[in-house]
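**Q** Structure in structure tokens, see below.
The values are calculated or read from the model by the stated rules, or taken from the named source; none is laboratory data. Since we're looking at a predicted model, the values are computed, not measured. Cβ placement follows ideal geometry from the backbone for every residue including glycine, while neighbour counts extend to all protein chains displayed. Calculation scope for accessible area: heavy atoms of the full protein, side chains included, ligands and nucleic acids excluded. Shrake-Rupley method; radii C 1.70, N 1.55, O 1.52, S 1.80 Å.
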Amino acid sequence: MKSIKELYRIGTGPSSSHTMGPRHAATIFAERNQSAASFEVTLYGSLAATGRGHLTDVAIEETLSPVAPVTIDWQPQVFLPFHPNGMRFRAFDASGKETDSWTVYSIGGGQIAEEGDREGDTPEVYGMNSLTEILDWCQRTGRTFWEYVEECEGPEIWDYLAKVWDVMQRAVERGIDREGVLPGPLCLPRRAATYHVRASGYKSNLQSRGLVFAYALAVSEENASGGEIVTAPTCGSCGVLPAVLYHLQKSRDFSDSRIYRALATAGLIGNIVKQNASISGAEVGCQGEVGVACAMAAAAANQLFGGSPAQIEYAAEMGLEHHLGMTCDPVCGLVQIPCIERNAYAAARALDANLYSAFTDGAHRVSFDRVVEAMKQTGHDLPSIYKETGEGGLAKNWEK
């Protein structure tokens, strides 16, 4: 597996696969074609179907146009075999002759890859690719998941996770202070500030849940407005993990160091899914985004409360299992409805999964790895209209 730095990417919303990935690809293509007279970019499949709502064209044009004019061709009905988020970049000289061509895919979480190489060209960091293997290692050595992360990544990972946590906190704090309407045709009002204020009026048990909702809404609304966030594991699911960790630190006074360790464990969980299945909504539906985010947050919370490796694995398993089959159906192609609300609800479910696991000794029948396999197969079986094309589910026949 790759470094968790590849999973936790700091960038701007609204979409890791439809905005961050295409911008990264356009940057590479622009750098190698500085003398081009014009560019043409063809977007395929899911990337074309919901690209306008995700600002895919804006990201590409902003990157290529300083070098040369760019035209974009949308092909939502054409799905390339390697991945639903395909892009073809072409460069031309002044005579109109093609000088370069590159087909590349945005495979989720801001990562791009060429056909046949889902992992890109970054080095492998982890020797074990399944949670079962890593759990066995923990039981043999008496160590826990975050210590495995440190062993594989080196001590410098803590500096990176400190940056990640800083960006996550700032996204929460910006989001709970902002009001108004999110950009786009839905005219969706921000709700984080209202939830935050209303939560203070309830008794402690309801207040706690209301604050978690507010924090998740805050980050997701920042993402929807193009603010700076961390993919966890994607932009569309970026509100779940920060909401849980921010709430637990504020309410339980956990130190930053313990939050970093929780982030390491959560990153390991997300990395395993990315390695063995997918975190791309265009490939496996929202189960691969919000479902994985819930599993990551559940594992992080359980660790903070002193869970054993077995209990942490169980919390993660429940977080993902109970999102199996969730469709990716963004209304108007925007990361707003139902995405923002799903982040808030998944943050609450992550805390429930943590609590449920805490009442057990960690023993259970269905392993996390088995759920990852089931998620991958479920995603394969889902019709394309339920995988970020904006053609099915809640997105179908939408009227304001």
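**Q** Do we find that R140 is over 30 Å from F213 (Cβ atoms), basic (K, R) and at pLDDT 95 or above in this structure?
**A** Numbers: over 30 Å from F213 (Cβ atoms): yes; basic (K, R): yes; at pLDDT 95 or above: yes.
Considered against the rule, which asks whether it is over 30 Å from F213 (Cβ atoms), basic (K, R) and at pLDDT 95 or above, R140 comes out as yes.
**Q** Which is within 19 Å of the chain's Cα centre (by Cα) and either open to solvent by 10 Å² or more (accessible area, probe 1.4 Å) or among the β-branched types (V, I, T) (or both), of T389, T360?
**A** Working: T360 fails: within 19 Å of the chain's Cα centre (by Cα).
Going through T389, T360 in turn, just one is within 19 Å of the chain's Cα centre (by Cα) and either open to solvent by 10 Å² or more (accessible area, probe 1.4 Å) or among the β-branched types (V, I, T) (or both): T389.
**Q** Can you confirm whether the stretch 315-324 contains a residue that is over 21 Å from F359 (Cα atoms) and in contact with a Pro (Cβ under 8 Å, 6 or more places away or on another chain)?
**A** Among the residues of the stretch 315-324, not one is over 21 Å from F359 (Cα atoms) and in contact with a Pro (Cβ under 8 Å, 6 or more places away or on another chain), which makes the answer no.
**Q** Residues E289, E341: which one is buried (at least 19 other Cβ atoms within 10 Å of the Cβ) and within 18 Å of the chain's Cα centre (by Cα)?
**A** Details: E341 fails: buried (at least 19 other Cβ atoms within 10 Å of the Cβ).
Exactly one residue qualifies, and that residue is E289.
**Q** Could I ask something else about it? Give just the number: which of (1) open to solvent by less than 40 Å² (accessible area, probe 1.4 Å); (2) within 30 Å of R342 (Cα to Cα); (3) assigned to a helix (DSSP H, G or I) does L186 not satisfy?
**A** Of everything listed in (1) open to solvent by less than 40 Å² (accessible area, probe 1.4 Å); (2) within 30 Å of R342 (Cα to Cα); (3) assigned to a helix (DSSP H, G or I), L186 misses just condition (3).
**Q** Do we have A282 as closer than 19 Å to T19 by Cβ, crowded, with 20+ Cβ neighbours inside 10 Å and in contact with a Lys or Arg (Cβ under 8 Å, 6 or more places away or on another chain) here? Quick ask: steps written out before the conclusion?
**A** On the way: closer than 19 Å to T19 by Cβ: yes; crowded, with 20+ Cβ neighbours inside 10 Å: yes; in contact with a Lys or Arg (Cβ under 8 Å, 6 or more places away or on another chain): yes.
So A282 fits the description; yes.
**Q** Condition first: of a type in the set (S, T, N, Q) and either buried (at least 19 other Cβ atoms within 10 Å of the Cβ) or touching an Asp or Glu at 6+ places or on another chain (Cβ under 7 Å) (or both). Now tell me which residues in the stretch 239-274 satisfy that.
**A** Selection gives T265, N271.
**Q** Which pairs do you get when a residue that is touching a residue at least 40 places away in the same chain (Cβ under 8 Å), found in the stretch 15-32, comes within reach of a residue that is open to solvent by 60 Å² or more (accessible area, probe 1.4 Å), reach meaning Cβ atoms under 7 angstrom, with the pair 6+ apart or on two chains?
**A** Close Cβ pairs (under 7 Å, with a partner that is open to solvent by 60 Å² or more (accessible area, probe 1.4 Å)) amount to T19/L55.
**Q** Let me ask you something else. Is there a residue being touching a residue at least 60 places away in the same chain (Cβ under 8 Å), on the phi > 0 side of the Ramachandran plot and either open to solvent by less than 10 Å² (accessible area, probe 1.4 Å) or assigned to a helix (DSSP H, G or I) (or both) anywhere in the stretch 39-56? Before you say what the answer is, go through the steps one by one.
**A** Taking the stretch 39-56 first, the residues touching a residue at least 60 places away in the same chain (Cβ under 8 Å) are 45-47, 49-55.
Still in the list and also on the phi > 0 side of the Ramachandran plot: 45, 55.
Retained after the next criterion (residues that are either open to solvent by less than 10 Å² (accessible area, probe 1.4 Å) or assigned to a helix (DSSP H, G or I) (or both)): 45.
Looking through the stretch 39-56, at least one residue is touching a residue at least 60 places away in the same chain (Cβ under 8 Å), on the phi > 0 side of the Ramachandran plot and either open to solvent by less than 10 Å² (accessible area, probe 1.4 Å) or assigned to a helix (DSSP H, G or I) (or both).
**Q** Please verify whether the stretch 248-258 includes one or more residues that are free of Cβ contacts under 8 Å to residues at least 24 places away in the same chain and in a loop (DSSP other than H, G, I, E, B).
**A** yes
**Q** For the structure I just gave you, tell me whether E173 is surrounded by 21 or more Cβ atoms within 10 Å (Cβ to Cβ), within 23 Å of the chain's Cα centre (by Cα), modelled with pLDDT of 95 or more and of a type in the set (D, E, K, R). Show your work before the answer.
**A** Values: surrounded by 21 or more Cβ atoms within 10 Å (Cβ to Cβ): no; within 23 Å of the chain's Cα centre (by Cα): yes; modelled with pLDDT of 95 or more: yes; of a type in the set (D, E, K, R): yes.
Considered against the rule, which asks whether it is surrounded by 21 or more Cβ atoms within 10 Å (Cβ to Cβ), within 23 Å of the chain's Cα centre (by Cα), modelled with pLDDT of 95 or more and of a type in the set (D, E, K, R), E173 comes out as no.
**Q** When you scan the stretch 203-216, do you find a residue that is part of a loop (DSSP other than H, G, I, E, B) and open to solvent by less than 10 Å² (accessible area, probe 1.4 Å), even just one?
**A** Initially, the stretch 203-216 is screened for residues part of a loop (DSSP other than H, G, I, E, B), giving 203.
Keeping just the survivors that are open to solvent by less than 10 Å² (accessible area, probe 1.4 Å) gives none.
Looking for residues that are part of a loop (DSSP other than H, G, I, E, B) and open to solvent by less than 10 Å² (accessible area, probe 1.4 Å), one finds none in the stretch 203-216, hence no.
**Q** Provide a single number: the residues in the stretch 1-38 that are among the aliphatic types (A, V, I, L, M), open to solvent by 10 Å² or more (accessible area, probe 1.4 Å) and either in a strand (DSSP E or B) or more than 27 Å from V290 (Cα to Cα) (or both).
**A** Initial filter on the stretch 1-38 (among the aliphatic types (A, V, I, L, M)): 1, 4, 7, 10, 20, 25-26, 28, 30, 36-37.
From what's left, open to solvent by 10 Å² or more (accessible area, probe 1.4 Å): 10, 20, 28, 36-37.
The next check asks that each one be either in a strand (DSSP E or B) or more than 27 Å from V290 (Cα to Cα) (or both); those that pass are 10, 28, 36-37.
Number of matching residues: 4.
**Q** While we're here: Please state which one of A374, A353 is closer than 22 Å to L263 by Cβ, out of contact with any Pro (no Cβ under 9 Å at 6 or more places or on another chain), assigned to a helix (DSSP H, G or I) and at pLDDT 95 or above. Working first, answer last.
**A** On the way: A374 fails: closer than 22 Å to L263 by Cβ.
So the residue among A374, A353 that is closer than 22 Å to L263 by Cβ, out of contact with any Pro (no Cβ under 9 Å at 6 or more places or on another chain), assigned to a helix (DSSP H, G or I) and at pLDDT 95 or above is A353.
**Q** Oh, and also: I'm trying to understand the selection: among the residues of the stretch 57-69, which are open to solvent by less than 40 Å² (accessible area, probe 1.4 Å) and within 23 Å of G184 (Cβ to Cβ)?
**A** Passing the criteria: D57, A59, I60, T63.
**Q** Are there any pairs with C-beta distances below 7 angstrom linking a residue in the stretch 67-87 that is more than 14 Å from G116 (Cα to Cα) to a residue that is at pLDDT 95 or above and exposed (fewer than 13 other Cβ atoms within 10 Å of the Cβ), with the two at least 6 apart or on different chains, and if so which?
**A** Every condition considered, the pairs that remain are V67/Q34.
**Q** Please count how many residues of the stretch 201-225 are touching a residue at least 40 places away in the same chain (Cβ under 8 Å), polar (S, T, N, Q) and under 11 Å from H247 (Cβ atoms).
**A** Within the stretch 201-225, residues that are touching a residue at least 40 places away in the same chain (Cβ under 8 Å), polar (S, T, N, Q) and under 11 Å from H247 (Cβ atoms) number 1.
**Q** Moving on to the next point. Of a type in the set (D, E) and open to solvent by less than 10 Å² (accessible area, probe 1.4 Å), is that true of E221?
**A** Numbers: of a type in the set (D, E): yes; open to solvent by less than 10 Å² (accessible area, probe 1.4 Å): yes.
Yes, satisfied.
**Q** Would you please list the contacts, defined by Cβ atoms under 8 Å and residues six or more apart or on different chains, that run from a residue in the stretch 299-318 that is assigned to a loop (DSSP other than H, G, I, E, B) to a residue that is at pLDDT 95 or above and buried (at least 24 other Cβ atoms within 10 Å of the Cβ)?
**A** F305/N354; G307/A315; G307/N354; G307/S357
**Q** Taking the criterion of being at pLDDT 95 or above, over 19 Å from A264 (Cβ atoms) and among the aliphatic types (A, V, I, L, M), would at least one residue in the stretch 104-116 satisfy it?
**A** Yes, because at least one residue in the stretch 104-116 is at pLDDT 95 or above, over 19 Å from A264 (Cβ atoms) and among the aliphatic types (A, V, I, L, M).
**Q** Shifting gears a bit: What are the residue pairs meeting all of these: first residue in the stretch 101-125, first residue within 20 Å of R88 (Cβ to Cβ), second residue surrounded by fewer than 17 Cβ atoms within 10 Å (Cβ to Cβ) and at pLDDT 95 or above, Cβ atoms under 6 Å, and 6 or more apart or on different chains?
**A** Final answer for the pair search is T103/R88.
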